[in-house]
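**Student:** Dropping a structure here in structure tokens format, bear with me for questions.
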Amino acid sequence: MKQGDVEVRHDLDNARWTNRKRENWDYILEFLPHSMENLRNSNLKEFWLQLGVISHEAGHHLFADRAGRLKADATSISRHAEQGVEIETSYFSGGKVVLRDVNIGNVISAIDEGYADLVAHFTFSSALNPYFQFALDRTFEARRVNKTHIVGNGQTEEKALNATVLQHFFSHQRLPRPQNTYSPDLQDEHAIGAIIANSLDLFFGQKFGDSPSSPKVTQKYQHVNQWVTNIQNLFMSHKSLYSSVPTSGYNQDPANYNSGPAKFLEDAMWEAVKLGLGEKGTLKRAQCETLAAKFPVYVSKWRGLYKCD
């Protein structure tokens, strides 16, 4: 792939959607294929022919259309951060710990990734294989929306925003990526988005009696879209609360994350809970069990705010 007079080679398959103007185009879907060496040694299907990838990137387009102000703020804040989540250099240099900036942009990007995963999942849930068929070398087993568990630290774990995951994601230290290719990097927005996607798909599906023989794709998609609209309104109404990272960072118990980006993530999940309520203003027993499994830290703070059938 050539950019100007510079030839650029990518070691991994990837794709991206962007609304930045390039050559007078407002929106661009780009595919970054394997390096030539990997292409010669791989039997994998061409990345740009995989419909799951295309649908995921289209999901980013839909997210920007539905939550343009939220997306714009995430981009703006992230650009002004001194250091971002994506640090491609050595994580530890000369015995010094590499720090990372954790801002509202990271949380919104994680939500964006989760939404895009859901769009691809809903697109193919009734007719084609609903799984992503990514050819990447890391974490994509965990990106399958209806995969409820992940492999981490040599064991199978619930795909959940538990205390360990929240501490990991909001840590101001850049931690080494896992060596196990099936273990997700929990400081990567894609991994957090995968947890969000699985949780909402399961939670909303339980509201409507979703099942393989009777999928409720339309209802779930409508709820996810309404959720995105609601959290945009929430953020715009309390921008100062959610945008400021606590001076002490997020090194304490996640139950005490009461401001900044971490608080926005919690409140965004609460907005989903409110949409999941039934006609009587209660949740089904299965939904309550899902909340306890997927959001154990938050459920302890939400106690008394909802009732279970």
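The values are calculated or read from the model by the stated rules, or taken from the named source; none is laboratory data. Being a predicted model, the structure only gives us computed values, none of them experimental. Don't worry about glycine lacking a Cβ; one is built from the backbone with ideal geometry, like all the others, and counts go over all protein chains shown.
**Student:** Do we have any residue at all in the range 248-256 that's touching a helix residue (DSSP H, G or I) at 6+ places or on another chain (Cβ under 7 Å) and assigned to a loop (DSSP other than H, G, I, E, B)?
**Tutor:** Keep residues of the range 248-256 that are touching a helix residue (DSSP H, G or I) at 6+ places or on another chain (Cβ under 7 Å), which gives 250, 254-255.
Restricting the remaining residues to those that are assigned to a loop (DSSP other than H, G, I, E, B) gives 250.
Taking every residue of the range 248-256 in turn, at least one turns out to be touching a helix residue (DSSP H, G or I) at 6+ places or on another chain (Cβ under 7 Å) and assigned to a loop (DSSP other than H, G, I, E, B).
**Student:** Which numbered condition in (1) within 22 Å of residue 262 (Cα to Cα); (2) part of a helix (DSSP H, G or I); (3) under 17 Å from the mean Cα position of the chain (by Cα); (4) not aliphatic (A, V, I, L, M) is the only one that residue 221 fails?
**Tutor:** It is condition (1) that residue 221 fails.
**Student:** While we're on this one: Can you pull out the residues in the range 272-283 that are of a type outside the set (S, T, N, Q), surrounded by fewer than 18 Cβ atoms within 10 Å (Cβ to Cβ) and at negative phi?
**Tutor:** So the first thing to find is which residues in the range 272-283 are of a type outside the set (S, T, N, Q), and the list is 272-281, 283.
In the following step, the residues that additionally are surrounded by fewer than 18 Cβ atoms within 10 Å (Cβ to Cβ) were identified as 274-275, 277-281.
Answer for the range 272-283, where residues must be of a type outside the set (S, T, N, Q), surrounded by fewer than 18 Cβ atoms within 10 Å (Cβ to Cβ) and at negative phi: 274, 275, 277, 278, 279, 280.
**Student:** Just checking, how many residues over the range 148-176 are modelled with pLDDT under 75 and either within 24 Å of residue 225 (Cβ to Cβ) or basic (Lys, Arg) (or both)? Show your work before the answer.
**Tutor:** The first filter runs over the range 148-176 and keeps only residues modelled with pLDDT under 75, leaving 148-156.
From what is left, the residues that are either within 24 Å of residue 225 (Cβ to Cβ) or basic (Lys, Arg) (or both) are 148.
Total satisfying the criteria: 1.
**Student:** What is the residue count in the range 209-227 for residues that are crowded, with 17+ Cβ neighbours inside 10 Å and free of Cβ contacts under 8 Å to residues at least 24 places away in the same chain? Break it down into steps so the answer makes sense when it comes.
**Tutor:** Of the range 209-227, the ones crowded, with 17+ Cβ neighbours inside 10 Å are 210, 216-217, 220-221, 223-225, 227.
Add one more test, that the residue is free of Cβ contacts under 8 Å to residues at least 24 places away in the same chain, and what stays is 210, 216.
So the count comes out to 2.
**Student:** Can you tell me which of (1) in the same structural domain as residue 204 (by TED's automatic domain parsing); (2) more than 25 Å from residue 101 (Cβ to Cβ) is the one residue 307 doesn't meet?
**Tutor:** (1)
**Student:** Determine which single condition residue 239 fails, assuming it passes every other condition in (1) modelled with pLDDT of 95 or more; (2) within 19 Å of residue 103 (Cβ to Cβ); (3) of a type in the set (D, E, K, R).
**Tutor:** For residue 239, the failing item is (1).
**Student:** Right, next: Looking only at the range 265-309, which residues are among the charged types (D, E, K, R), at pLDDT 95 or above and in a helix (DSSP H, G or I)? Spell out how you get there, then give the answer.
**Tutor:** Of all residues in the range 265-309, those among the charged types (D, E, K, R) come to 266-267, 271, 274, 279-280, 284-285, 289, 294, 301, 303, 307, 309.
Within this subset, residues satisfying the condition of being at pLDDT 95 or above are 266-267, 271, 274, 284-285, 289, 294.
Hits for the range 265-309 are 266, 267, 271, 274, 285, 289, 294.
Residue-wise test of (1) of a type in the set (Ser, Thr, Tyr); (2) more than 18 Å from residue 68 (Cα to Cα).
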site	(1), (2)
185	no, yes
191	no, yes
199	yes, yes
228	no, no
237	yes, no
244	yes, yes
263	no, yes
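**Student:** Of the conditions (1) closer than 25 Å to residue 102 by Cβ; (2) surrounded by fewer than 20 Cβ atoms within 10 Å (Cβ to Cβ); (3) touching a residue at least 60 places away in the same chain (Cβ under 8 Å), residue 188 fails just one. Which one is it?
**Tutor:** In the conditions (1) closer than 25 Å to residue 102 by Cβ; (2) surrounded by fewer than 20 Cβ atoms within 10 Å (Cβ to Cβ); (3) touching a residue at least 60 places away in the same chain (Cβ under 8 Å), residue 188 misses (2) alone.
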